[in-house]
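The values are calculated or read from the model by the stated rules, or taken from the named source; none is laboratory data. Not measured: the values here are computed from a predicted model. With ideal geometry, Cβ positions are generated from the backbone for all residues, glycine too; neighbour counts draw on all protein chains shown. Heads up: the accessible areas ignore ligands, DNA and RNA and are worked out on the full protein's heavy atoms, side chains in. Shrake-Rupley method; radii C 1.70, N 1.55, O 1.52, S 1.80 Å.
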Amino acid sequence: MAEPLMMGQYHDAVISALKNIAWVQDADAYPEKNIPRFTGLTTPAVYFTINSWEQGGGNEGQLQVSLSCDLFVVVDSEGASASKPEIFLRTAAADITQWIDGQQFGISHIEPAEFISAERDEFDPRMDDYLVWRVSYTQSAAFGADPFAPSGVPLRKVWLGKSPDVGRAHVDDYRLIWESKADE
């Protein structure tokens, strides 16, 4: 069973890993400001978002999910970060594409990331002053506590009940079948 994924930890790990890429000047969650147009972004930048998650399969007691994530590679359309911003953008998106496949971001209890696609992104009008490519990937992880993880409390007694005579109404019907010794 896997340690459950903590969303804050995952965001921090992805963003920290992005900041370690030499050409990345800024890395963060996708900007959430509710403004008509973004200006003054430090570029080249890579912004991260989790779009959704769905059932990932498996039946080990924990909910396994497949995260659907995007990395937005952003450069200034005026060429402030490169003399040929279109070529720089495609090169940067290609770099992120090969970098993302297999990433675990230092978190050992998640599956390696799987690259899905990369394409130009012109869907956010707030980013009209910038050139943007979206690199999409999925990553599998577990949500929720492992029901089979050791609790740290040693087992002291084992009681046996016989169906249908189980539950609180039948406590007196249970039979003690094992008890630890006082020094165990």
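Things worth noting here:
- Given (1) more than 14 Å from the chain's Cα centre (by Cα); (2) more than 13 Å from L131 (Cα to Cα); (3) outside any loop (DSSP other than H, G, I, E, B), index of the condition L71 fails: (1)
- Any chance A13 is under 17 Å from E119 (Cα atoms) and buried (at least 16 other Cβ atoms within 10 Å of the Cβ): no
- For first residues located in the range 111-133 and touching a residue at least 40 places away in the same chain (Cβ under 8 Å) and within 20 Å of K33 (Cα to Cα), partners that are loosely packed, with under 13 Cβ neighbours inside 10 Å and not aromatic (F, W, Y) and lie 6+ apart or on another chain with Cβ distances below 6 Å form the pairs R126/R37.
- Of all residues in the range 82-107 being touching a residue at least 24 places away in the same chain (Cβ under 8 Å) and loosely packed, with under 15 Cβ neighbours inside 10 Å, the one that is nearest to Y10 (Cα to Cα): G106
- Residue check: Q9 meets all listed conditions (1) assigned to a helix (DSSP H, G or I); (2) more than 12 Å from the chain's Cα centre (by Cα) but one, namely (2).
- Once the range 108-126 is narrowed to residues that are aliphatic (A, V, I, L, M) and at pLDDT 95 or above, the residue that is least open to solvent (accessible area, probe 1.4 Å) is A113.
- Taking the criterion of being hydrophobic (A, V, I, L, M, F, W, C) and in contact with a Phe, Trp or Tyr (Cβ under 7 Å, 6 or more places away or on another chain), the residues of the range 3-17 that qualify are L5, A13, V14, I15, A17.
- From the options E86, E78, residue that is acidic (D, E) and outside any helix (DSSP H, G or I): E78
- D95, sole failed condition from (1) under 15 Å from T43 (Cβ atoms); (2) at pLDDT below 95: (2)
- The one condition from (1) modelled with pLDDT under 90; (2) open to solvent by 30 Å² or more (accessible area, probe 1.4 Å); (3) not basic (K, R) that Q62 does not meet is (2).
- Selected residue (criterion: surrounded by the most Cβ atoms within 10 Å (Cβ to Cβ)) from residues of the range 37-55 that are in contact with a Phe, Trp or Tyr (Cβ under 9 Å, 6 or more places away or on another chain) and of a type outside the set (V, I, T): P44
- Residues of the range 6-49 that are in contact with a Ser or Thr (Cβ under 8 Å, 6 or more places away or on another chain) and acidic (D, E): D26 alone.
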